[in-house]
Structure formats: structure tokens, C-alpha cells
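Before any comments, here is the structure.
The values are calculated or read from the model by the stated rules, or taken from the named source; none is laboratory data. Not measured: the values here are computed from a predicted model. Positions of Cβ are backbone-derived with ideal geometry, glycine not excepted, and every protein chain shown enters the neighbour counts. Remember, those area values only see protein heavy atoms, side chains included, never the ligands or the DNA or RNA. Shrake-Rupley method; radii C 1.70, N 1.55, O 1.52, S 1.80 Å.
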Amino acid sequence: MGEEIIIRAREALARYRPAILEEPQAVPAAVLVPLYLKGSVAHVLLTERTHYVEHHKGQISFPGGAQDPWDPDLLATALRESYEEMGIRPDDVEVIGQLDDIVTITNFLVRPFVGVLRTGSEYPFRPHPREVASILEVPLAHLLDWRNMELELRQWQGVPVLVPAFTWNGYRIWGATARILKQLLDLLQP
């Protein structure tokens, strides 16, 4: 089932046209949604942020961050940040698509890129100790099982909205990360 999920992701993202937002007051940022096979099981990589980082302390996130002035574009930002945080070499990533831009409650305009790690065996992740408290290698099949997702009622700009949250191995995946994940999972549905 692992390779099948990766193939489905490639096909779905090849057809998908992401929503691009214009939010001049927001801080431009990008994340990489890394997919990979571990054995024969498809996984997605998430990280638990340390309490040393400036934003989103202790939260579960994808590798990524704010765009630096020297980044030529947001894809370069996602790849640079993934290398800095997790040691993922840009040459080891096959970018297969992009998901919708989202604005976080902390005013980051995040562009998510989905990439498949080119590796024949387990990837040699090298988490940066100041940025990454722990690595979450979450099987996509677990996330595709809707029993592992719940909808929470939150306020967004004064309006009540239902937002997704996931659980895995004692971790709670919520906020912008859960919204990005939910969009990917919706695209992966057969």
C-alpha cells in the first residue's frame, strides 16, 4: 500500500491547482511536506519544535519557516529550511506539487510544497538540536483512517469554524499543520 499512496499523491498533485493568496501584511513562509517509504510503508515527516525557537514553540510542524531575503522563491525557502532543520538535502527531494496557501493565526502566509524523498532505505535525518525536539515519522495509512482525526470548534477572525486535529503516538497535530495535512489527505482519497 505504501508505493500506491505515493503514486496516488503524484497523480493527484499533478492535476491540482493550488490557491495562491495575496496577503501583503503577512510574513511569507514555506514548508516541505516530505513523503517517503520506510520499508514498504508510506510515511510523512513531521517535527516537534523545541522551546528554543522563536515561533510555535513545542508544536508539531512540517520542516519550514520564513522566507529569507536571499531565497529566490518560496520553494527555495522550503528546501533550505528542510535542510537546516532536518538535514534533508534538496537534491534528495522530488517536488511533486503544491497545496493551497494558508494564513496562520500568527500571520505567516505559508506555501506548502509536497516532496517525495529519493531514498532506497531509511533517510538519514539529522535534526537540528535547537530547532527539533523530536521526529515524527507518521504512516500515511494511520492518517487516512478518519478515526484518528477529529474536528474542533475554533474561532477564526471572530467566526466559529471547524478545524481538523490528528493524534499519533501520543502527539496532537493541530493548527496550520493539521489543515495542510487534511488537504493532502483529501487529495489522496481514492
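Numerical summary
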{"quantity": "Boolean, ASP100 is under 17 Å from the mean Cα position of the chain (by Cα), open to solvent by less than 60 Å² (accessible area, probe 1.4 Å), within 15 Å of LEU181 (Cβ to Cβ) and among the acidic types (Asp, Glu)", "calculated": "yes"}
{"quantity": "Residues (assigned to a loop (DSSP other than H, G, I, E, B), at pLDDT 95 or above and acidic (Asp, Glu)) located in the range 84-143", "calculated": "ASP100, ASP101"}
{"quantity": "Breaking point among (1) part of a strand (DSSP E or B); (2) modelled with pLDDT of 95 or more; (3) open to solvent by less than 50 Å² (accessible area, probe 1.4 Å), for ARG80", "calculated": "(1)"}
{"quantity": "Identity of the residue in the range 64-77, touching a helix residue (DSSP H, G or I) at 6+ places or on another chain (Cβ under 8 Å) and crowded, with 23+ Cβ neighbours inside 10 Å, that ends up farthest from GLN183 (Cα to Cα)", "calculated": "GLY65"}
{"quantity": "Selection from the range 144-190 of residues that are touching a helix residue (DSSP H, G or I) at 6+ places or on another chain (Cβ under 7 Å), closer than 13 Å to LEU46 by Cβ and either of a type in the set (Phe, Trp, Tyr) or modelled with pLDDT of 95 or more (or both)", "calculated": "PHE166, TRP168, LEU181"}
{"quantity": "Scope the range 145-190; condition in a strand (DSSP E or B) and either in contact (Cβ under 8 Å) with a residue 24 or more places away in the chain or open to solvent by less than 40 Å² (accessible area, probe 1.4 Å) (or both); matching residues", "calculated": "MET149, GLU152, TRP156, VAL163, PRO164, ALA165, PHE166, TRP168, TYR171, ARG172, ILE173"}
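Residue by residue, here is whether (1) in contact (Cβ under 8 Å) with a residue 40 or more places away in the chain; (2) out of contact with any Lys or Arg (no Cβ under 6 Å at 6 or more places or on another chain) holds:
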{"position": "ALA26", "(1), (2)": "yes, yes"}
{"position": "GLN59", "(1), (2)": "yes, no"}
{"position": "ASP71", "(1), (2)": "no, yes"}
{"position": "VAL95", "(1), (2)": "no, yes"}
